[in-house]
1. Scanning the range B:289-310 for residues that are in contact with a helix residue (DSSP H, G or I) (Cβ under 6 Å, 6 or more places away or on another chain) and away from every other protein chain (no Cβ under 12 Å), which turns out surrounded by the fewest Cβ atoms within 10 Å (Cβ to Cβ)?
2. So which of A:Val258, A:Val223 is of a type in the set (Val, Ile, Thr) and within 14 Å of another protein chain (Cβ to nearest Cβ)?
3. Can you spot a residue in the range B:25-42 that is buried (at least 24 other Cβ atoms within 10 Å of the Cβ) and either within 14 Å of another protein chain (Cβ to nearest Cβ) or among the hydroxyl-bearing types (Ser, Thr, Tyr) (or both)?
4. Evaluate the following for B:Ala124: is it small (Gly, Ala, Ser), within 14 Å of chain A (Cβ to nearest Cβ) and either free of Cβ contacts under 8 Å to residues at least 12 places away in the same chain or buried (at least 20 other Cβ atoms within 10 Å of the Cβ) (or both)?
5. Looking at the range B:102-150, which of its residues are more than 22 Å from the chain's Cα centre (by Cα) and of a type in the set (Phe, Trp, Tyr)?
6. Identify the single condition in (1) surrounded by fewer than 14 Cβ atoms within 10 Å (Cβ to Cβ); (2) within 14 Å of another protein chain (Cβ to nearest Cβ); (3) modelled with pLDDT of 90 or more that A:Leu185 does not satisfy, given that it satisfies every other one.
7. Out of everything in the range B:168-178 that is in contact (Cβ under 8 Å) with a residue 40 or more places away in the chain and within 15 Å of the chain's Cα centre (by Cα), what residue ends up being nearest to B:Val225 (Cα to Cα)?
8. Residues being over 25 Å from A:Leu55 (Cβ atoms) and crowded, with 20+ Cβ neighbours inside 10 Å: count how many of those fall in the range A:290-314.
Amino acid sequence: MKPGQKSFLGRLSADAPLLFILIAMVVLMALLLPGRFLASYNLINLANQLPVLALLSIGMMVSMLSGGINLAIVAAANFTGIVTALTMNWLTGGAAATAGLPVILMSMAVGLAACMVIALLTGFLIAWLEIPPILATLGVMMLLDGLSIVMTRGYTLSGFPPFVIEIGNGSLLWAIPNAFVILVLVIVALHFVLNRSPFGFKLYMLGANPRAAEYSNIDTRIVLMKQYALSFLLAALTGFIMMGQFNSVKANYAESYVLVTVLACFLGGINPFGGDGRLSGIVLAAVILQTISSGVNLLGVDPFFVTAMWGAIILIVIAVSHVTGRYSVQTMIRALGLGRDRADAGSKTKE
Amino acid sequence: MKLFQRSEFYLLVLIALICIFITSQNPNFLTLQNIYGVLRSASVNGIFAVGVLFVLILGGTPDVSFPAIAQVTQYVAVLALIAIGGGNIALAFAIAIVLGAVMGALNGIIIQVFRVTTIVVTIATFNLYFGMLYVLSRGDVLFEVPRPFHDFGGTLLFAREGANGAVYGLSLLPVLWLAVMIAGWFILRRTMLGRSIFAMGGDEVSAVRIGVNTFAVRLFVFAFVGALAGVAGIAHASLVLSAIPNSIVGVELEVIAAVVLGGASLFGGKGTVTGAMLGVLLFAILRNGLVLLNISSYWYDVTIGVAIILGMSANAWQQLRARRNQVHVAVEGEAPR
């Protein structure tokens with residue numbers, strides 16, 4: 001069977017806990033905020049806020065599929081936005097808000113190109129110099145944050161043309177936010193890239209067993225380069241959406257999201273050692289985290305309480321999955337020797 | 001291992017080159033006054049680095065919760081000393097060390113019992129500790145720390161008068177850092193416990209087979225990291241003379257990078273106290289150099305990023321070359337490398 005592909009039973013049992021948590025959270029929020037949480041304006045608001053977290057989480061997940069990580073993901077999003085904004089300012093002689101469509105598209109192309117140069121650098125460090133991804137991307141993150149601060153002198157750049165704001169805040173299809181439409185399109189596209197394309201197949205193989213992948217005539221370096229390019233592409237896309245949503249760019253926007261995306265990957269069942277993790281899991285995890293943060297925000301709770309709660313939630317999920325993990329369908333399948341691979345069991349430490 | 005194959009050696013060369021360059025641009029760099037200042041400002045990160053080193057040698061992903069632990073212990077210790085109206089610095093250290101050890105031990109217990117990778121657990125406890133500190137303290141800044149912190153932070157050894165009339169000397173903070181490093185070196189290199197930590201980092205299953213009590217060792221390592229975070233928290237309060245709930249968090253990735261540049265492996269079983277010290281010193285010297293060269297502090301992150309990337313690249317390049325030159329003889333039954 002292809003990696004990433006499972007029997008229907010396996011797939012259902014894998015996503016069931018997440019679906020259960022999501023439903024429980026929605027019910028809880030609906031009870032705590034009667035008539036407010038499920039109101040249409042709040043749901044639209046949720047759909048508007050979700051894409052930034054979800055796209056960053058998917059970018060993080062892509063980097064984890066080979067056993068890597070991308071700590072530079074938020075820095076890259078900000079960097080793309082800043083390069084785009086500065087190019088727009090430069091092309092219009094300082095009046096970015098009046099930029100025409102050709103100028104806007106050209107600026108975005110420059111921002112994207114800058115981000116891709118960084119992606120190539122990161123891929124080179126990891127694939128050719130074999131620097132551990134956590135360190136390579138940490139260095140790149142500090143470099144990008146630094147460049148962003150130097151380019152903006154620490155200031156916020158604001159005032160963009162309506163087209164840019166429409167990307168983040170507008171809605172073309174009835175009331176559905178454009179950002180949400182972009183997210184859905186990305187998920188569909190990534191489903192084909194990860195689960196139906198040769199690249200996706202190679203990526204999962206590389207993560208499951210790098211040596212076996214190499215001996216199967218897979219050019220692991222090229223796969224790694226493409227993987228980080230994809231991860232940074234998602235970051236750049238997030239950067240464009242953030243430009244529209246905040247109508248400004250700044251060096252350290254959404255910095256805390258780096259760790260939240262790692263948390264989303266953990267919640268979504270992505271194996272940090274690579275080779276295992278489904279798109280459905282990470283999307284559900286992002287929706288859960290956004291539901292919680294929006295709901296708690298509506299409740300008017302101290303935002304730092306939310307920080308503490310995120311920590312508590314991870315610990316609870318760890319404990320619950322440890323207790324129930326022993327009796328889940330998947331464990332039974334594995335125990336009966338019906339599992340698809342033993343590498344999975346081997347990667348866990350001896351009990 | 002040969003000297004020129006060690007990452008410490010490359011780091012030392014890099015530091016020497018940077019020092020030569022800075023001195024050539026601004027001779028004030030190599031004055032005793034400036035060196036004391038660099039050591040003083042590097043102490044807090046240096047103490048953290050010893051703890052980070054222990055976790056990296058133990059294996060698995062790095063701990064990121066130590067700044068949150070330092071933040072909480074610092075705040076609690078300052079509050080406690082304010083409450084009793086003075087006290088002394090030993091009491092502050094005792095409170096911070098005990099509280100820090102308990103908070104760190106919790107990480108160790110969760111990791112051991114639930115078998116989850118360190119970074120996930122410590123991200124969770126980081127958020128939990130830091131969030132609770134903010135909620136319970138309502139973000140109140142304690143601008144006035146009690147007398148003992150002033151005394152501890154202000155004591156100068158070898159004090160003398162500088163050219164501009166200001167008195168300078170070696171602060172107690174680098175002495176504290178040195179003591180922590182000696183303790184760390186002693187545990188790692190001269191005790192059974194240290195051998196067990198290296199053994200677990202090399203291969204946990206083998207460690208279990210030779211009779212290492214993995215739970216006890218892991219519990220010790222994380223309690224030790226927590227205790228050191230407490231020490232660093234008090235040192236930080238003595239340095240800045242205030243307790244601000246978000247003044248320490250944010251250093252975690254820089255400290256981890258410093259320790260890894262110093263040769264500690266992210267795969268466990270490898271690392272030295274000297275390397276961790278050199279890594280911290282490199283960053284402190286870079287920060288100081290930017291000031292002396294009159295370069296805007298905006299460039300600090302760029303410099304650190306370039307330093308990490310260059311340092312790691314040189315290290316990786318050297319390892320790749322060593323591997324290429326190595327003749328590998330496959331022993332029967334051995335897994336191919």
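1. Of everything passing the filter in the range B:289-310, B:Leu293 is surrounded by the fewest Cβ atoms within 10 Å (Cβ to Cβ).
2. When all the criteria are applied, what remains is A:Val258.
3. Within the range B:25-42 (the criterion being buried (at least 24 other Cβ atoms within 10 Å of the Cβ) and either within 14 Å of another protein chain (Cβ to nearest Cβ) or among the hydroxyl-bearing types (Ser, Thr, Tyr) (or both)), the answer is no, since none of the residues qualifies.
4. yes
5. Hits for the range B:102-150 are B:Phe114, B:Tyr134, B:Phe143.
6. Every condition holds for A:Leu185 apart from (2).
7. The residue in question is B:Trp177.
8. Looking only at that region, the number is 2.
The values are calculated or read from the model by the stated rules, or taken from the named source; none is laboratory data. Everything numeric in this text was worked out from a predicted model, so none of it was measured. Ideal geometry is used to build each Cβ from the backbone, glycine not excepted, and the neighbour counts take in all protein chains shown.
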